[in-house]
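Accompanying notes for the structure given below.
The values are calculated or read from the model by the stated rules, or taken from the named source; none is laboratory data. Because the structure is a prediction, the values reported are computed rather than measured. Glycine also receives a Cβ, built like all others from the backbone with ideal geometry; neighbour counts cover every protein chain displayed. For the accessible areas, the whole protein counts, side chains as well, though only heavy atoms, and no ligand, DNA or RNA atoms are used. Shrake-Rupley method; radii C 1.70, N 1.55, O 1.52, S 1.80 Å.
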Amino acid sequence: DVKVTQSSRYLVKRTGEKVFLECVQDMDHENMFWYRQDPGLGLRLIYFSYDVKMKEKGDIPEGYSVSREKKERFSLILESASTNQTSMYLCASRIAGTGSYNEQFFGPGTRLTVL
Amino acid sequence: GESVGLHLPTLSVQEGDNSIINCAYSNSASDYFIWYKQESGKGPQFIIDIRSNMDKRQGQRVTVLLNKTVKHLSLQIAATQPGDSAVYFCAEKITGNQFYFGTGTSLTVIP
């Protein structure tokens with residue numbers, strides 16, 4: 001089974017803090033994704049990565065950055081956390097291939113609260 | 001813009017009945033669709049998928065129907081069980097690697 005793990009299930013930070021959310025997958029997937037999930041809005045893509053050291057902005061990249069130094073690990077960084085970044089953050093991975101019909105595998109999520 | 005949405009935000013069914021969850025999409029070029037189940041406090045889990053060259057696909061107790069004419073997707077769950085209670089949402093592949101997700105329908109199974 002594909003396993004996607006996230007470093008924390010719950011996280012509480014203060015406004016202005018730098019926050020790191022870590023995601024690790026064990027299936028050698030090339031593609032990795034970071035989403036945030038808010039009530040009534042569904043999953044919104046923040047950033048994704050095609051491969052190591054490659055990244056692309058998603059729909060809502062403002063206030064976030066990412067790092068992919070190793071294939072299995074994709075980190076989401078909040079440079080200066082703000083209260084409007086309180087949300088559930090979901091990481092996902094997927095086999096590469098623009099024509100491939102493969103689902104994304106999700107981690108359990110990190111519930112981040114910014115006070 | 002493109003959108004994937006669900007007609008009903010909540011659905012309650014009696015245990016043993018069949019459930020139908022609907023999804024509308026607007027991008028006629030989308031060629032791949034997925035249904036996910038998300039239980040409380042967990043990440044989304046894959047249920048079933050369908051390519052645009054198919055109208056119907058069946059899994060274990062689940063069936064996905066795709067109507068490209070009206071850009072409509074549905075998930076049917078047979079003999080719904082309490083363990084089926086969750087949020088269900090559809091996803092549409094809009095580019096080679098990106099998906100667009102619906103907001104979800106909360107399914108409650110009444111014992």
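Please report, largest first and rounded to whole Å, the three semi-axes of the ellipsoid equivalent to segment A:4-114, where each semi-axis is the square root of five times an eigenvalue of the C-alpha gyration tensor.
Numbers: eigenvalues 102, 39, 33 Å².
Sorted largest first and rounded, they come to 23, 14, 13 Å.
Starting from 0.36 nm per residue, how many nanometres of slack lie between A:T83 and A:Y101 once their C-alpha separation is accounted for?
Working: separation 18, 0.36 × 18 = 6.48 nm, distance 3.70 nm.
My answer for the length gained is 2.8 nm.
Could you run the numbers on buried accessible area between A and B, total for both chains, 1.4 angstrom probe, in Å² to the nearest 100? Let's see the in-between values first.
Values: alone 6420 and 6180 Å², together 10760 Å².
The A and B chains share an interface burying roughly 1800 Å².
Equivalent ellipsoid semi-axes for the protein assembly as shown, as square roots of 5 times the alpha carbon gyration tensor eigenvalues: give them largest first, rounded to whole Å. Spell out each step's value before the answer.
Details: eigenvalues 174, 83, 49 Å².
Equivalent-ellipsoid dimensions as semi-axes: 29, 20, 16 Å.
Using a 10 Å Cβ count of at most 16 others and DSSP loop calls, identify the longest part of chain A lacking such trypsin sites (Lys or Arg not before Pro). Walk me through the numbers on the way to the answer.
On the way: sites that count: A:K3, A:R9, A:R14, A:K18, A:K53, A:K71.
That would be A:72-115.
By how many nm would the segment from A:D26 to A:K57 lengthen if fully extended, with 0.36 nm per residue of separation less the alpha-carbon distance? Intermediate results must be reported in sequence, preceding the final value.
Values: separation 31, 0.36 × 31 = 11.16 nm, distance 2.36 nm.
Result for the pair: 8.8 nm of gain on full extension.
Report the label-to-label distance for A:K70 and B:H72 in nanometres (one decimal), using points 7 Å from each Cα along the Cα→Cβ vector.
Between A:K70 and B:H72, the simple spin-label model gives 4.9 nm.
Report Rg (one decimal) and Dmax (nearest whole number) for chain B, counting Cα atoms only, units Å.
Cα radius of gyration and Dmax of chain B are 13.3, 42 Å respectively.
Which lysines have a Cα less than 21 Å from the Cα of A:K3, not counting those fewer than 8 places away in the same chain?
Partners found: A:K70, A:K71, B:K37, B:K42.
Quick one: 3J(HN,Hα) in Hz for segment A:102-115, Karplus 6.51/-1.76/1.60 with θ = phi - 60°, rounded, Gly and Pro as x.
10, 7, 8, 9, 9, x, x, x, 10, 8, 9, 10, 10, 9
Specify the inter-centroid distance of segment A:1-47 and segment A:75-90, based on alpha-carbon positions, in whole Å.
9
Scan chain A and report its longest stretch carrying no GluC sites (Glu not before Pro) that are both in a DSSP loop and have at most 14 other Cβ atoms within 10 Å.
Values: sites that count: A:E17, A:E62, A:E79.
Free of exposed loop sites, the longest segment is A:18-61.
Roughly how many percent of the accessible protein surface of segment A:4-114 is carbon and sulfur, given a 1.4 Å probe and a whole-percent answer? Please report the intermediate quantities before stating the final value.
Working: 2550 of 5090 Å².
The C+S portion of the solvent-accessible surface of segment A:4-114 is 50 percent.
Could you report the protein assembly as shown's accessible area per residue, 1.4 Å probe, as an integer in Å²?
Heavy-atom SASA per residue in the protein assembly as shown reads 48 Å².
What ranking of B:S40, B:S85 comes out by heavy-atom accessible area, probe 1.4 Å, highest first?
On the way: B:S40 120, B:S85 40 Å².
From most exposed to least exposed: B:S40, B:S85.
Residue-wise, which Karplus ³J(HN,Hα) couplings in Hz belong to segment A:3-17, taking 6.51 cos²θ - 1.76 cosθ + 1.60, θ = phi - 60°, and x for glycine or proline?
Residue by residue, segment A:3-17 yields 10, 10, 10, 10, 4, 9, 8, 9, 8, 10, 10, 9, 3, x, 6 Hz.
Heavy atoms of the protein only, probe of 1.4 Å, neighbouring chains included. What is the accessible area of B:H72 in Å², nearest 10?
B:H72 exposes around 50 Å² with every protein chain in place.
Name the residue farthest towards the positive end of the dipole of the protein assembly as shown from the options B:S26, A:S8, A:Q37, assuming +1 on Cβ of Lys and Arg, -1 on Cβ of Asp and Glu, about the Cα centre.
A:S8
Calculate one ³J(HN,Hα) per residue across segment B:9-23 by plugging θ = phi - 60° into the Karplus curve 6.51 cos²θ - 1.76 cosθ + 1.60, and present them in order as whole Hz with x for glycine and proline.
These are the phi-based 3J(HN,Hα) values: x, 9, 8, 10, 9, 7, 4, x, 6, 8, 10, 10, 10, 10, 8 Hz.
In terms of solvent-accessible area of protein heavy atoms at a 1.4 angstrom probe, what is the ranking of B:T69, A:T110, highest value first?
On the way: B:T69 125, A:T110 0 Å².
Of B:T69, A:T110, the descending order of accessible area is B:T69, A:T110.
Counting other C-beta atoms within 10 Å, and keeping those with at most 15, which DSSP coil GluC sites (Glu not before Pro) do you find in segment B:5-111? Mind dumping the intermediate values first?
Numbers: sites: B:E15, B:E39, B:E92; in loops: B:E15, B:E39.
When the GluC sites (Glu not before Pro) of segment B:5-111 are filtered for loop state and at most 15 Cβ neighbours within 10 Å, B:E15, B:E39 remain.
Compute the signed sum of charges (Lys and Arg +1, Asp and Glu -1) over the other residues within less than 11 Å, Cβ to Cβ, of A:R9.
Numbers: positive: A:R111, B:K42; negative: none.
Charge balance near A:R9 sits at +2.
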